[in-house]
Ligand code: SF4
Ligand code: MSK
């Protein structure tokens, strides 16, 4: 019988531990239980395992012995590379399809056919239009948006040439991409080509297969995801810092709780509007509730947290726990990261579990299909459904645990924040890195995974990085994890940051960890790095910058797509948990050495947090040395600002 872990072993989060105890009391199984009871299939994970191919029906072929090949003769290198490539293609498809839907919504909005939507950020529309080469002078915002949306949509079906975002990357990196043959021609084309190349009897050389995967991932990072971020900002506003709260304590015992979960901001933005309508608030009161409380899970949560400060009920592994509070009157889901276990847990309570995407129907859920042409009316119906369900609530158990957060650091806001309105620029950030006040930058992103302790790696790595004067930027469930432990507040700099980083945070008032948005918003990190390079002093391309990306608790194929496009863009990327290509030393070598030589970036899988930290800091220090920057020395800083003032006061008081 499998050993079940204790609540402490399952999660770092006290709210999750409390809810796991509640789940046990109620006899409800969660992903944490299922992960304990179902050992991960050893074929295909880790260096001591093997590889499994099921790409044709002569198999499935399990390769577990040295030199063994599949029925068709496929080697372990081919199989490991093909499996990774297919995952990257699936992840790229998910992000990019999200972008496509936003392009359709922008087009419908420009045509006046998307009820409730408007072009909120005209400045961003103009910025994107300039990038796309669309004229803006003398034209209405609708006219510009129509052309921008049409061009955006054309990127999906583009067959030849280069995606237009490519030319906005650092020039040297563009040249590397062209030399290595990984510039995406069209978003959909690259996904299709990976699926073709990995079909039985096609591409059978590991490096070549992986080149196709990189090209596909590039179509995500510098295509679908970037477009999703840009178009979301145009429609819903570019994020800027605002107050919010993260964790299950954001649910309210005496209000109608509606939890939105998934990834797309389209419907959730209309729900934000509907829950604030006086008539619906009055209707909720008529049912005995004090009001309506909207809260999020996963990246739909990130989208509304960074734009409107809508509370987040938590990250990926909180989706079941939120339902177990018994306080959720409706959980409304769109796409991605939605566990099939949810309808049956909802069924244990009064909760209505509602699917809304034409692409996602889940057995046992109520399907109310979303159509952006009638979005506001649909949002109102959904809110009414939740309100009508409020009187059916049974006993509730909500942990009294939630942390204040300040999220919303778009690259536009970082630019403004550092330079101020007189001199908006990345210069202060570059200067802080060059002087060594900031040792480097780490992007800690990605999921939770029930095979490890929830949030433990995110929390430990963020704490250690801050203590080492590393500025941390975050997206996705990693950002929500940091929020739960107080790192998304300016005060965290006083408690956790090293002396140099603390000085920078004190001077600007920024938190030492910047929450930049959802999973598709990893494209914002590419933009920040591009602007850092353009600002000067930190090299000629992203690979020169003392920066690292990491996903210590990853689980989704989208994470692999992100890791691949970041590595292609020149970043050193570290993934935790275990390696999906560990069976092939050759594929492991290609991701690190071959990509490193060709692109300046690499992808490595490590199983220990300590090793991840060690490699990240070593990389940052090596990049500093290559740029002839002063070696990192924590002792040089902390002699200015409030801290020094108080330290000197204290020292002089001691000296008498
Ligand atoms: Fe086996 Fe080759 Fe078919 Fe894969 S493609 S299942 S290795 S026979
Ligand atoms: S939601 S992809 S669990 S980060 Fe973007 Fe979280 Fe990973 Fe889904």
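Do we find that residue 517 is modelled with pLDDT of 95 or more and under 28 Å from residue 300 (Cβ atoms) in this structure? Yes. None of 609, 521 is within 30 Å of residue 10 (Cβ to Cβ), within 16 Å of ligand 2 (Cβ to nearest atom) and either without any contact (Cβ under 8 Å) to a residue 12 or more places away in the chain or touching a helix residue (DSSP H, G or I) at 6+ places or on another chain (Cβ under 6 Å) (or both) except 521. Taken over the range 450-464, the criterion of being crowded, with 24+ Cβ neighbours inside 10 Å and over 14 Å from the mean Cα position of the chain (by Cα) is satisfied by 454, 455, 457, 461, 462. Taking the criterion of being surrounded by fewer than 20 Cβ atoms within 10 Å (Cβ to Cβ) and not in a loop (DSSP other than H, G, I, E, B), would at least one residue in the range 198-207 satisfy it? Yes. Checked against the criterion of being away from ligand 1 (no atom under 16 Å from the Cβ) and touching a residue at least 24 places away in the same chain (Cβ under 8 Å), the candidates 140, 87, 92 yield just one match: 92. Please count how many residues of the range 16-46 are in contact (Cβ under 8 Å) with a residue 60 or more places away in the chain, within 21 Å of residue 340 (Cβ to Cβ) and in a loop (DSSP other than H, G, I, E, B). Result for the range 16-46: 4.
Given the structure, is residue 218 more than 30 Å from residue 318 (Cα to Cα), modelled with pLDDT of 95 or more and surrounded by 24 or more Cβ atoms within 10 Å (Cβ to Cβ)? Criteria met by residue 218. Is it the case that residue 352 is over 30 Å from residue 635 (Cβ atoms), surrounded by 16 or more Cβ atoms within 10 Å (Cβ to Cβ) and assigned by TED's automatic domain parsing to the domain that holds residue 311? Yes: the conditions hold for residue 352.
Residues being more than 24 Å from residue 229 (Cα to Cα) and in a helix (DSSP H, G or I): count how many of those fall in the range 459-509. Result for the range 459-509: 26. Of all residues in the range 304-324, those being at negative phi, more than 10 Å from ligand 2 (Cβ to nearest atom) and in contact with a strand residue (DSSP E or B) (Cβ under 8 Å, 6 or more places away or on another chain) number 11. The one condition from (1) within 30 Å of residue 229 (Cα to Cα); (2) outside any loop (DSSP other than H, G, I, E, B) that residue 390 does not meet is (1).
Of all residues in the range 346-374, those being modelled with pLDDT under 95 and either in a helix (DSSP H, G or I) or within 25 Å of the chain's Cα centre (by Cα) (or both) number 4.
The values are calculated or read from the model by the stated rules, or taken from the named source; none is laboratory data. Just so it is clear, the structure is predicted and the values come from calculations on it, not from any experiment. Neighbour counts are summed over all protein chains in view; Cβ atoms, including those assigned to glycine, are modelled from backbone coordinates with ideal geometry.
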